[in-house]
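J.: Submitted below is the structure of interest, expressed as C-alpha cells.
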Amino acid sequence: MLLDPRTMSFVLAAASFLIAVELLLATTLRSRKPDVSLWVAGSLALSAGAALLYLSGHVPAFWFALVSTCLLFCGYALFYAAVRYFIDGRFPRAIPPIVVTQIAILAVLWLLYPRDSHWRAIFGALMEAAWLGATAWTLLFRAPGRPRRTHCLTAFFFGLCAGNYLGIALFRIISNSPTTFVVPDLASTIFLTELFVSLIGMSFGFQLMIKERADEELLHLATLDSLTMLPNRRTFMQRASNELDRYRARRLRSAILMIDIDNFKRVNDTYGHLVGDRVLVAFAKTLRGVLRPGDVVGRYGGEEFCVLLPQTDASTAALVAERVRELVAHEPIDVPDGALRYTVSIGVTEITLELVDLARLIGFADEALYEAKARGRNCVVTRAI
C-alpha cells in the first residue's frame, strides 16, 4: 500500500512539534539544560520543514525546494549540537559556519538550476545523512568509556535515518525519474515511513539519555556532600560496612581515622561561614590527595571526617594520619587579612577480629580523637582496642 506523501509530511510535522512541546512541558525553565533546548529547537525546525513539504503545491517552489531543505539541515544540525553538548558539555562552534556553507551551496544550486531539483535533492540528502551519521558516531565513540545502552539505542535510530537519506540520494543518482515526494510512489512511502520511525526512535532515545542523567544526578546528590564532594555520612557507613564484610571474610587488617578540624567554630565566628566552607573544601582536597583509591572516606558531620583504611595496621594508619596533619598545618587558606592557618586532630584505631562492629569502631576512634584534643589539638593519637 502506497502512502500519500503530503499526509505523511503532515504527520511528521505534527510529531516533531509534539515532541518539542512534550520536552518543554517535561522540563522546567530553571532546570532545563542547553542540550534539551537545542533538541527542542531542532524538533521545531524539522516540524517547520515537514510542514512546508505538506504545503507543496500551495506555496511557491522556492519555499518548498529550498527553505524546507534548509530547515531540515538546521534541525539535524541542532540534534547533533544537542548530543555534543550532552556528552562534552559545550556547544561546537563549527556548527553555524558549516550550516551557513551548506545553505549557501544549496542557494547557488537553486540559482544555477531553478527548474532542475535533481542535484539539489542529492546534495540535500547527502548533507542530512552527514549530520545524522556524525551524531550516531558521537554517541558511540565520543563518550568516555564504553557506550551506554541508551546511547547505542539512540545511535541506532540516527544511523537508520542516515541510511535512509543515503538510500534516497543513491536512488536519485540511479533513477532517471526521481521521486518528488508529492505523488504516492514506493520510494516516497519507504523514505517517509522510515523517517517517521527514526524520528520517534531518536527522540525516545534522547529522552532516555536525559532521564538516565537525571537519575545519576539525584544519586550523586543523595550520596555526596554537596560542599566537599566527599561521600556523606550515610554513604560512608554503607561503603565502610561493605569493606568490613570483606575484612571479616579475608581476615585482613584495617584501621579507622576520625578527624576533626580544630577550633572550626572560631573560624566561622571570626572570618564568616564562607571562609569556613573554604576550609572544609581545602581539607577535603588534601584528604583526596593523600588517600589511596581503595580507601573509604566521608564527611561524618560538621567539621568531622571519617576514613577507613583497608589492609592497614595501626602503625601505618598513624603515619597516614600524621601525613594529613602535616599537610594541613603547612597549607594556609588565603583570607582578606592574610593567610589563615588551621590544624586537625586525628584519632586512630585498628580493627581486630574480635571487634568488627562499625559503630563501636568509630566510637573507639572518636575516643582517640578526644584524647588528641585534650593533649592540645594538632596531633595524632592511636587508641588500642
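The values are calculated or read from the model by the stated rules, or taken from the named source; none is laboratory data. Predicted model, so just to flag it, every value in this text is computed and none were measured. Cβ coordinates were reconstructed from backbone atoms using ideal geometry, including for glycine residues, and neighbour counts include every protein chain displayed.
J.: Taking residue 172 as the residue in question, decide whether it is modelled with pLDDT under 90 and of a type outside the set (A, V, I, L, M, F, W, C).
T.: On the way: modelled with pLDDT under 90: yes; of a type outside the set (A, V, I, L, M, F, W, C): yes.
Yes, satisfied.
J.: Now a separate question. Please count how many residues of the stretch 297-356 are without any contact (Cβ under 8 Å) to a residue 12 or more places away in the chain and either of a type in the set (D, E, K, R) or in contact with a helix residue (DSSP H, G or I) (Cβ under 6 Å, 6 or more places away or on another chain) (or both).
T.: 3
J.: Another question about this same structure. Using the structure shown, decide if residue 177 is modelled with pLDDT under 80, small (Gly, Ala, Ser) and either over 14 Å from residue 53 (Cβ atoms) or in contact with a Cys (Cβ under 6 Å, 6 or more places away or on another chain) (or both). Reasoning before the result, please.
T.: Values: modelled with pLDDT under 80: yes; small (Gly, Ala, Ser): yes; either over 14 Å from residue 53 (Cβ atoms) or in contact with a Cys (Cβ under 6 Å, 6 or more places away or on another chain) (or both): yes.
Criteria met by residue 177.
J.: Residues that are of a type in the set (S, T, N, Q), farther than 14 Å from residue 82 by Cα and at pLDDT below 75: does the stretch 28-36 have at least one?
T.: As a first pass, look at the stretch 28-36 and keep what is of a type in the set (S, T, N, Q): 28, 31.
After this cut, where a residue has to be farther than 14 Å from residue 82 by Cα as well, the list is 28, 31.
Next cut, at pLDDT below 75 only: 28, 31.
Yes.
J.: Check off (1) small (Gly, Ala, Ser); (2) modelled with pLDDT under 90; (3) in a helix (DSSP H, G or I) for residue 294 and give me the number that stays unchecked.
T.: Condition not satisfied by residue 294: (3).
J.: List every residue pair whose Cβ atoms lie under 8 Å apart, where the two residues are 6 or more positions apart in sequence or sit on different chains, the first residue falls within the stretch 266-279 and is assigned by TED's automatic domain parsing to the domain that holds residue 336 and crowded, with 16+ Cβ neighbours inside 10 Å, and the second residue, located anywhere, is assigned to a helix (DSSP H, G or I) and of a type in the set (Gly, Ala, Ser).
T.: Hits for this filter: 267/276; 268/276.
J.: Evaluate the stretch 349-366: report whether one residue or more is in contact with a Pro (Cβ under 8 Å, 6 or more places away or on another chain) and either charged (D, E, K, R) or in the same structural domain as residue 274 (by TED's automatic domain parsing) (or both). Spell out how you get there, then give the answer.
T.: Keep residues of the stretch 349-366 that are in contact with a Pro (Cβ under 8 Å, 6 or more places away or on another chain), which gives none.
No, the stretch 349-366 contains no residue that is in contact with a Pro (Cβ under 8 Å, 6 or more places away or on another chain) and either charged (D, E, K, R) or in the same structural domain as residue 274 (by TED's automatic domain parsing) (or both).
J.: Could you list, in sequence order, all residues of the stretch 223-246 that are over 12 Å from residue 358 (Cα atoms) and in a helix (DSSP H, G or I)? Before you say what the answer is, go through the steps one by one.
T.: Taking the stretch 223-246 and keeping what is over 12 Å from residue 358 (Cα atoms), we get 223-235, 246.
Correct list: 223, 233, 234, 235, 246.
J.: Which ones in the stretch 310-331 are of a type outside the set (Gly, Ala, Ser), surrounded by 19 or more Cβ atoms within 10 Å (Cβ to Cβ) and not in a loop (DSSP other than H, G, I, E, B)? First the steps, then the outcome.
T.: Start the filter on the stretch 310-331 by keeping residues that are of a type outside the set (Gly, Ala, Ser), which leaves 310-313, 316, 319-320, 322-328, 330-331.
Imposing the further condition that a residue be surrounded by 19 or more Cβ atoms within 10 Å (Cβ to Cβ) reduces the set to 310, 312, 320, 324-325, 328.
Result: 310, 320, 324, 325, 328.
J.: What residue, of 300, 342, is among the aromatic types (Phe, Trp, Tyr) and under 15 Å from residue 231 (Cα atoms)? It would help to see each step written out before you state the result.
T.: On the way: 342 fails: under 15 Å from residue 231 (Cα atoms).
Testing whether each residue is among the aromatic types (Phe, Trp, Tyr) and under 15 Å from residue 231 (Cα atoms) leaves just 300.
J.: When you go through 148, 93 one by one, which is the residue that is more than 26 Å from residue 197 (Cα to Cα) and either within 26 Å of the chain's Cα centre (by Cα) or modelled with pLDDT of 90 or more (or both)?
T.: Values: 148 fails: more than 26 Å from residue 197 (Cα to Cα).
Just one listed residue meets the conditions, 93.
J.: Next up: Being touching a helix residue (DSSP H, G or I) at 6+ places or on another chain (Cβ under 7 Å) and touching a residue at least 40 places away in the same chain (Cβ under 8 Å) narrows it down to one of 228, 223, so name that one.
T.: Working: 223 fails: touching a residue at least 40 places away in the same chain (Cβ under 8 Å).
Step by step, each of 228, 223 is checked, and only 228 is touching a helix residue (DSSP H, G or I) at 6+ places or on another chain (Cβ under 7 Å) and touching a residue at least 40 places away in the same chain (Cβ under 8 Å).
J.: Only one residue in 337, 357 is more than 26 Å from residue 282 (Cβ to Cβ) and acidic (Asp, Glu). Which one? Lay out the reasoning, then the answer.
T.: Values: 337 fails: more than 26 Å from residue 282 (Cβ to Cβ).
Selected residue: 357, the only one of 337, 357 that is more than 26 Å from residue 282 (Cβ to Cβ) and acidic (Asp, Glu).
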